[in-house]
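The values are calculated or read from the model by the stated rules, or taken from the named source; none is laboratory data. None of these values were measured; they are calculated from a predicted model. Neighbour counts run over all protein chains shown; Cβ positions are idealised from the backbone, glycine included. Keep in mind that these areas ignore ligands, DNA and RNA; they rest on the heavy atoms of the full protein, side chains included. Shrake-Rupley method; radii C 1.70, N 1.55, O 1.52, S 1.80 Å.
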Amino acid sequence: MTLIDTIENFSPKTWIIFSLISNIALFLLAISLYLLIDKSCSKDKLQRNDHPISRPDIYLSLLTVLLNSLLMLLAVYLWKLGFLSWQHDNSLATIILETLVIILIMDVLMYVFHFVAHTPFIYKLLHRKHHEHSSTNYLSLFVLHPFETVGFGLMMILLFTSYNFSVYALSLYIAINLIWGTLGHLNREFFPKWADYFFLGTTKFHNQHHLHEQRNFGFYTTIWDRLFGTYKK
C-alpha cells in the first residue's frame, strides 16, 4: 500500500487530525523559509523596516491556519461524495503539465479575485487588514480577513473539482503556492533580474503592490497586469 493509499483510507477522526497537523506544518514551514532567506540573503531590504509583529496579527494568522484546515476537510468531504477525484498513475510530463495548467488558471482567477478585493467597498470591509502591512514580515502572507481565506480556498477547490487532476500535480501546486506566497512577502528581492523577462511575479513585484495598492494584482506572473494596464515595475 502506497502513502497515498494510506492517506485515502483515513478515518474521519484521522482526517481531522491530519488536516490540522499538516496545515500547522505548512504554516511553520513558510515562517522558517522566510526567516532562512531573510537571514542568509545578502541583498538590501526593499523597504527600510519590516512591519512589526503584533498580537492581533498572530491571532489572525492562526485563524487562517484553522480555516485552511477546515477547507481541506471540505475538499475531503467532496472527494468522499464523488464531486472531487484525482488520478494516481501519471507520467512525470503529465504531472508537470497539469501543475502548469493549474498555476495559470489560478493566476487568472487570483488576479480577478484580488482586483475585486480592491474595489472600495470590499477593500474597506475585507482586504484593508492585509494592507496594513505596507512593508511585510513573516506573518504577512497569513494576515487575511477570514472571508478572503475562505474565498481563495473555495476558488481552488472549485478548480480541483472541474477536472480529474493527478494527485501529485495537486500536491505540487499547493507546495508551489505556499513557497511563492512566502517569497512574495519577503522584504528582500529573492528572484534574479532575469525573472522579469519570463513574466514571473517576483518579490519586488508584490512589494510594489503593498506600496501602490492599485498596481500589481497578479500572484505567480505579471502577465495579466501587463495585459490590463495595472503593471508597475
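Data overview
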{"read-out": "Pairs of Lys in the chain closer than 22 Å at Cα, counting only those 8 or more apart or on different chains", "value": "17"}
{"read-out": "Computed log₁₀ I(q)/I(0) - Debye formula, equal Cα scatterers, no solvent, region 5-77, q 0.17, 0.25, 0.27 Å⁻¹", "value": "-0.77, -1.15, -1.23"}
{"read-out": "Distance-filtered residues of region 153-186 - backbone nitrogen under 13 Å, label point 7 angstrom along Val108 Cα→Cβ", "value": "159"}
{"read-out": "Peptides 171-178, 46-53 ordered by average Cβ neighbours within 10 Å, highest first", "value": "171-178, 46-53"}
{"read-out": "Net charge of neighbours whose Cβ lies under 14 Å from the Cβ of Asn187, counting Lys and Arg as +1 and Asp and Glu as -1", "value": "+2"}
{"read-out": "Efficiency of FRET between Gln87 and Thr6 - r from beta-carbon atoms, R0 22 angstrom, step 0.05", "value": "0.80"}
{"read-out": "Distance-filtered residues of region 12-55 - backbone nitrogen under 12 Å, label point 7 angstrom along Lys80 Cα→Cβ", "value": "12-17"}
{"read-out": "Extension reserve of the Asp44-Arg226 stretch, reckoned as 0.36 nm per residue once the Cα distance is removed", "value": "62.9 nm"}
{"read-out": "Whole-percent carbon and sulfur share, accessible surface of the chain, 1.4 Å", "value": "70 percent"}
{"read-out": "Surface per residue (accessible, 1.4 Å probe) for the chain, Å²", "value": "55 Å²"}
{"read-out": "Highest to lowest packing among 192-198, 12-18, scored as the average C-beta count within 10 Å", "value": "12-18, 192-198"}
{"read-out": "Long-range HN-HN contacts of Gln87 with modeled amide H, under 5 Å", "value": "Phe165, Ser166, Val167"}
